[in-house]
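The values are calculated or read from the model by the stated rules, or taken from the named source; none is laboratory data. This structure is a prediction, so every number in the text was calculated from the model and none was measured. Glycine also receives a Cβ, built like all others from the backbone with ideal geometry; neighbour counts cover every protein chain displayed.
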Amino acid sequence: MNLELTVEDTRWQGLEPLATRAVTAVLAHQGVDSELCEISLLACGDTRIAELNAEFREKPIPTNVLSWPADDLAAEIAGQEPACPSPDFTGEIALGDIAISYDTCAREANEAGKPFEDHVTHLLVHGTLHLLGYDHVRDPDATLMEGVEVEILGKLGIDNPYIV
């Protein structure tokens, strides 16, 4: 897998192995050959992610993670699995871009009493699933996406993040 990591916030120490583990787990779970995949990951803080959120979602506030899929793989029928990505003419699968904010991740992990690394892993799994066509706009899609997240996180030894 080609994971292009850009670190804008130096507090993101040790993110690359965590991201590689999370993304690889998602791709394996979905049956996608990780050796063919390309993902760009921006590790930033709240100021930068708020700018991106304003530009792309018209929400000028910080958020934890944003994703920009290279292709629209979403299922047309609510609650169905998205299409599997396929290689382009070069034999590679460009999945897209993810941005993650240190400030929001740290705050959420602290508020939930969860280990920072577990929360970041969850958000990277979540962001990668968005690149693969999952979303949570419609209730059946949200239920499907959360179920897949819980399965993947369980395989990584991380508790269900949706149980309070």
Matching entry among PRO82, PRO17 (being touching a residue at least 24 places away in the same chain (Cβ under 8 Å) and either of a type in the set (Phe, Trp, Tyr) or under 26 Å from ILE158 (Cβ atoms) (or both)):
PRO82
Wholly within the stretch 1-120, which strands (runs of 3 or more DSSP E) include no fewer than the required count, namely at least 2 residues that are surrounded by fewer than 19 Cβ atoms within 10 Å (Cβ to Cβ)?
2-7, 37-44
Just to be sure I understand, how many residues within the stretch 1-49 are over 15 Å from the mean Cα position of the chain (by Cα) and basic (Lys, Arg)?
2
Residue among LEU27, LEU73 that is over 15 Å from ILE100 (Cα atoms) and either touching a Phe, Trp or Tyr at 6+ places or on another chain (Cβ under 9 Å) or modelled with pLDDT under 95 (or both)
LEU73
For ALA74, all conditions in the list (1) within 29 Å of GLU8 (Cα to Cα); (2) touching a residue at least 40 places away in the same chain (Cβ under 8 Å); (3) in contact with a helix residue (DSSP H, G or I) (Cβ under 9 Å, 6 or more places away or on another chain) hold save one; what is the number of the exception?
(1)
Scanning the stretch 140-164 residue by residue, those acidic (Asp, Glu) and in contact (Cβ under 8 Å) with a residue 60 or more places away in the chain turn out to be ASP141, GLU151
For ASP118, indicate whether it is closer than 27 Å to THR10 by Cα and either in contact with a Pro (Cβ under 9 Å, 6 or more places away or on another chain) or in contact (Cβ under 8 Å) with a residue 40 or more places away in the chain (or both).
yes
